[in-house]
Protein chains: 4
Amino acid sequence: MKKVCLVIGAGAGIGGSVGKKFAAEGYHAALCRRSDEAGLMTMVADIESEGGSASGHLVNAVKENAIEDLVAEVEKIGPISVVLFNLGAQIGYRSLEDTTAKVFELGWQMACFGLFRLSKAVFPLMTERGGGTVLVTSATAAVRGNAGQHSHAAAMGGRRMLCQTLNAEYAAKGIHVAHILIDGAVDAPDTLGKMLGPERYQQLREAKGLEHDGLLLPEKMAETYFHVAHQHRSAWTHELDLRAFSDLAWWNHAP
Amino acid sequence: MKKVCLVIGAGAGIGGSVGKKFAAEGYHAALCRRSDEAGLMTMVADIESEGGSASGHLVNAVKENAIEDLVAEVEKIGPISVVLFNLGAQIGYRSLEDTTAKVFELGWQMACFGLFRLSKAVFPLMTERGGGTVLVTSATAAVRGNAGQHSHAAAMGGRRMLCQTLNAEYAAKGIHVAHILIDGAVDAPDTLGKMLGPERYQQLREAKGLEHDGLLLPEKMAETYFHVAHQHRSAWTHELDLRAFSDLAWWNHAP
Amino acid sequence: MKKVCLVIGAGAGIGGSVGKKFAAEGYHAALCRRSDEAGLMTMVADIESEGGSASGHLVNAVKENAIEDLVAEVEKIGPISVVLFNLGAQIGYRSLEDTTAKVFELGWQMACFGLFRLSKAVFPLMTERGGGTVLVTSATAAVRGNAGQHSHAAAMGGRRMLCQTLNAEYAAKGIHVAHILIDGAVDAPDTLGKMLGPERYQQLREAKGLEHDGLLLPEKMAETYFHVAHQHRSAWTHELDLRAFSDLAWWNHAP
Amino acid sequence: MKKVCLVIGAGAGIGGSVGKKFAAEGYHAALCRRSDEAGLMTMVADIESEGGSASGHLVNAVKENAIEDLVAEVEKIGPISVVLFNLGAQIGYRSLEDTTAKVFELGWQMACFGLFRLSKAVFPLMTERGGGTVLVTSATAAVRGNAGQHSHAAAMGGRRMLCQTLNAEYAAKGIHVAHILIDGAVDAPDTLGKMLGPERYQQLREAKGLEHDGLLLPEKMAETYFHVAHQHRSAWTHELDLRAFSDLAWWNHAP
């Protein structure tokens, strides 16, 4: 029975690429997303066509028991060894006035409460098996709050602290939580592409994209996700950042 | 009509002391807490007996419309010029296993969502009047997550980012949000006292308390709260910490 | 005999204004700078004309024994109770190529080694007297390194850590070191004014200056410096930031 | 001609292990340390006996032109593609009183000025060749200052900011500077071993050592160093931490 890598938030960007990488390295990739069953099944088929093992799971993570049920379901396929928690709460610029209580709460439910619920569901299983890994895709909003980011930053800032409390309590029991801060635009058609619209997305890709590696390329990011998940337990990384070589770090301004 | 300082979370520690200080300096202190009407009324009476102006408001901040209604009610007394947002989410050490989803959510509702709702309710009024101040009592858990602090740290970490998004969007409109990180034990009978029990509280106070200033004294902290609220707009502080001289900062360990 | 506030780096901006404030509150202000004796003496005369007590000291702080001798000299006037360490290492944008080893070292000598030497000289005196305060004017470069800031950022980053080691070792002995991060342009003729030239300085002042408080006004900043130096020892601030209401914090970008 | 990995600070711990790893992966390892020629030559011989390529260089990095000459010398062997800057400034607990100006300066010369000089010497070569990598071994003292760490923390804090200024200026030119924060005790006979003495070192190793991976194992750390040096330029890490699974992160305290 293969070890399982569960991807929560398996879109065509980071989630899909990480799932593919783990499948290529011998894991069963359990890919979970909220919608677009056809897209999900294509990802599964792609992995299988290259000899890998994968399954697709349509789940609305904020529904009651959704994450808990997902963990139970996937455990039947094999022991969950790695989870990629890849749910974000980015909704673009939204002024305070335009940020409803509902939107603010939804951001928290996805990005922060979701990780809490996942941990409650999967840590007992991992602890019993002597260990496991949770990779958390994070964003710059986890470490600084910009205008128009009320929902996003509050959710991600809470989540970063949660990653720290989880490591503080579970690292010594063998569970490794890695907070991977993505500090730049990812070349992903179903997040960046949606946010910009197809035309501007194509323009951006052409301007600073594939040829110049000016966007974060998901399949390259997946290499680091995989590495972190396989660090020897004597040398674990809790926090790291990723950005394209041509991006200024979030703490920098143009001179 | 006096300017109003609204204190959300007016216990016998920081909240009450800050309310008292602002009342002594000419503000009407609108003191709000969830329970203990007798204690609340004693605080109001104390302020009035020294010639100050105060009112007491029993409010359960997590109830729907509670904060919104409170702002409306207090505005009838006078224009809210300063708010002290003093709700915490500290529940002591609680392992992941013992932290229920309900507790986790409640922490967020109090400490993070509460500030969001307050901002939605009071910022339009302050903006129209050309400015205002929100003092936010924060805790070490806002900047690092320890074991057993899942609910607390996730709520406070989110709140710190929210303070940054609020300043980024509203400082230039004259609203000053100050994140005041309390990094030590406060000499407060109804938080620390409750957490420790009366006997251990008294022991702690005697060991490192009043004589040695080894606990943060709320009436001294109130001086800094008041100062920050009255900084000239050319020199505002967004983030500061407070600890007793004999406390090691959170980033230090004993050598 | 008056308590002494020693200002190391007493230019016409923060240093001079803080000296003036302390003098107005009853301290002897010992003003120290490297050059411009006439300007220094004018500052002393200004303070004295308002009934205050001050002295001027021309010192090149990087010279061997300069800081040590200065402390000894000023102690003859009265006990040094507060030091403002106001030496900076800002030299504007300087590419790596254009940053000589000499410039890099000079930045460190002024901004970092200077504080170390001051601490070695004055802490024994303060400890013996039961306490004292060192206010350190810091800059954004202490917490993030931008292009062209090699010398400045390395010096200020080291200095911030030094402030932490000093507090960790001496706070419990009554010495309060406060790291005051200035995150914006200060309305100071002999730093900003020099950097920009008289015409652009005047333009900037008019554009966002006095009328709009869009520059940090030294005499307003001095209020906070004075407050921090007089916090009760049960509630000390180790780190705080100051910026104009209209400035974005260093961690923010325009949306 | 093989690509060269230059290791500055090639002791028996991180430096030697990283050199070995790069040699095993096809680089020439240029190993540089200050003393113990015999030990250095043994490391070179070990690498060669496994079919790798290596050279030993005895250099006192703080001497004038030492780093500059080293770079020139090593460039004759092959183009320097990766540098591991592994000089530390840890001298154990040293009170302010016991920290001489000389010691304080030496720490800065090794840990901070040394990296500046290296960058001045090697960046022009790397830029001309289209890129390169500098891996910087850092310590917890770079992000927080404890008592007795005056020299160490000031040097490392300055160095972290320097890494940021270097990335801000050179990342877009293809030079990747990675700040690798080691947050725990490394199983290294010639640093930890020396600090503790042979008996206590052996006790510590037995208590939490090899069997339990409770010390950072250099050969495992080297895997991450190598990975970071080979990240695709669309996904670079600027800052990451490493600690043993059983270590509490520096920001945590035991509950």
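Laboratory data are not the source of any read-out in this text; all were calculated from the coordinates shown. This structure is a prediction, so every number in the text was calculated from the model and none was measured. Because the Cβ atoms are built from the backbone with ideal geometry, glycine has one as well, and the counts that use them run over all protein chains shown.
Worth pointing out:
- Summed residue charge, Cβ within 14 Å of B:Cys112's Cβ, Lys/Arg positive, Asp/Glu negative: +4
- From phi via Karplus (6.51, -1.76, 1.60), per-residue ³J(HN,Hα) for region A:35-49 in Hz, x at Gly/Pro: 9, 6, 4, 4, x, 4, 5, 5, 4, 4, 5, 4, 5, 5, 5
- Computed [θ] at 222 nm, helices only, for chain A once each DSSP H run of length n ≥ 4 contributes -39500 (n - 2.57): -13000 deg cm²/dmol
- Radius 9 Å from Cβ of D:Trp236, net charge of other residues (Lys, Arg +1; Asp, Glu -1): 0
- Look at the Cα gyration tensor of the protein assembly as shown: its axes a ≥ b ≥ c give a/c of at least 1.5 with a/b at or below b/c, and that counts as oblate.
- Part-to-part distance (alpha-carbon centres) for region C:91-154 and region B:1-38, which is given in Å: 42 Å
- Proximal charge balance of C:Tyr170 [Cβ under 15 Å; K/R count +1, D/E count -1]: +1
- By other beta-carbon atoms within 10 Å, ranking B:Lys102, C:Lys173 with the fewest at the front produces B:Lys102, C:Lys173.
- Cα shape, chain D, gyration tensor, a/c 1.5 rule: rounded
- Closest approach of a chain D beta carbon to the axis mapping chain D onto chain C (residue, whole Å): D:Gly158, 2.
- Selection of GluC sites (Glu not before Pro), region B:47-91, meeting DSSP coil and at most 15 other Cβ within 10 Å: B:Glu50, B:Glu64
- Rounded to whole numbers, the Karplus 3J(HN,Hα) couplings from phi for region B:215-223 are 10, 5, 8, x, 5, 7, 4, 4, 4 Hz, using 6.51 cos²θ - 1.76 cosθ + 1.60 with θ = phi - 60°, and x at Gly and Pro.
- Using a 7 Å Cα-to-Cβ projection, B:Leu196 label spacings across copies, nm, ascending: 3.6, 5.2, 5.7
- In region B:166-255, the GluC sites (Glu not before Pro) that fall in loop regions by DSSP, at most 13 other Cβ within 10 Å: B:Glu211
- Label-to-label distances for D:Ala101 across copies, nearest first, come out at 2.1, 6.4, 6.5 nm, using points 7 Å from Cα in the beta-carbon direction.
- Label points for D:Ser35 are taken 7 Å from Cα along Cα→Cβ. From this copy to the others they lie 4.3, 6.7, 6.9 nm apart, shortest first.
- Solution diffusion estimate, µm²/s, Stokes-Einstein, region D:139-248, Kirkwood Rh from C-alpha pairs, 25 °C, viscosity 0.890 mPa s: 157 µm²/s
- Exercise: per-residue mean of other protein chain Cβ atoms within 10 Å, C:137-143: 2
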